[in-house]
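These notes concern the structure reproduced below.
Where a number appears in this text, it was derived from the coordinates with a stated rule and is not lab data. Computed from a predicted structure; not experimentally measured. FYI the Cβ positions are ideal-geometry reconstructions off the backbone, even for glycines, and counts take in every protein chain you see.
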Amino acid sequence: MANIKPVYLLSGDAHHHRKTRDPLIREMLRETGRDQPTVAYIGTASGDDAAFFRILQRLFNNTGAGHVALAPLSSPEVDLRHSRSLLETADVIFLSEGDVDLGMRTLAERDLVPLLHERFEAGAVFSGFSAGSILMSRQWVRWTDPSDDTTATPFDCLGLAPLVCDTHDEMDGWEELKTLIRLRHVDGEIGYGIPTSMGLRVLPDGRIEAIGGFVHRYTYRNGRVDNIGDISPAFFVHPAEYEYQI
């Protein structure tokens, strides 16, 4: 347990394709204790989308990472030995944005869940954007009919962060997160809504910190989901601290 590092659940935003440096990623890279740490990028939630990877690769390199490599997993023709080797040696394992259900199904089909847990316990730093952050939580929810919440069912995610969360859904009032909390009906459990450009840092001792700005909290009690207020950030990031391409 002594080797376990904090998990960084980052929301990302619509503008990260223009960013040249990101202070939350910089904070996460520092957790490795290395200069220019290596990053293995898991793109299963996006079907290994090459454009997504290039955007994040550039952002990581500009923010202080060393070698950033895609660990291909989505195509039936991928070299799994090569991908596993990248994951076994990287200082940081980063999970991409996209579709949570697709991302988790692909990881399970490639039998990579045990390896990711081994790497977590060995001290690799785990982080993600958007769907990648949700993938590291306990569960997410799928709908047979997206317009009908009675068709929603939870499914297990990696569970590296012992919580449930959603990202950048503040404009819709975190309805998907609330649905998941209701379906789990664990009295007193807290679900975290991570707004755009914010993040959560989950420490090995179980403490949960907001980073970048305020993070919303909801809990299940007496058969209903209630807002119980925000977490104040351990450190605040002013928008001016992000650097963008002109």
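Overview of results
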{"item": "Theoretical ellipticity at 222 nm over the chain - DSSP helices of four or more residues, -39500 (n - 2.57) apiece, nearest 500", "result": "-8000 deg cm²/dmol"}
{"item": "Summed side-chain charge close to THR150 - residues other than THR150 whose Cβ falls under 15 Å, Lys, Arg +1, Asp, Glu -1", "result": "-2"}
{"item": "Antiparallel bridges, percent of DSSP beta bridges restricted to region 109-215 (to nearest 5)", "result": "70"}
{"item": "Among (1) 0.99; (2) 0.97; (3) 0.95, the entry derived from the coordinates for Rg/Rh (Cα atoms, Kirkwood Rh)", "result": "(3)"}
{"item": "Highest-fluctuation residue, THR150, THR179, THR44 considered, GNM on the chain with Cα pairs under 10 Å", "result": "THR150"}
{"item": "For the chain, built as a Gaussian network whose Cα springs stay under 10 Å, the top-fluctuating residue of ALA234, ALA90, ALA69", "result": "ALA234"}
{"item": "Counted charge near GLU243, where neighbours are those whose Cβ lies closer than 13 Å (Asp, Glu -1; Lys, Arg +1)", "result": "+3"}
{"item": "Three principal axis lengths of region 1-110 [C-alpha, angstrom, descending]", "result": "36, 35, 22"}
{"item": "Other-chain or far-sequence residues with amide H under 5 Å of VAL141's (modelled H)", "result": "PHE155"}
{"item": "Gaussian network model of the chain, springs between alpha carbon atoms under 10 Å - residue of GLY128, GLY229, GLY199 with greatest fluctuation", "result": "GLY229"}
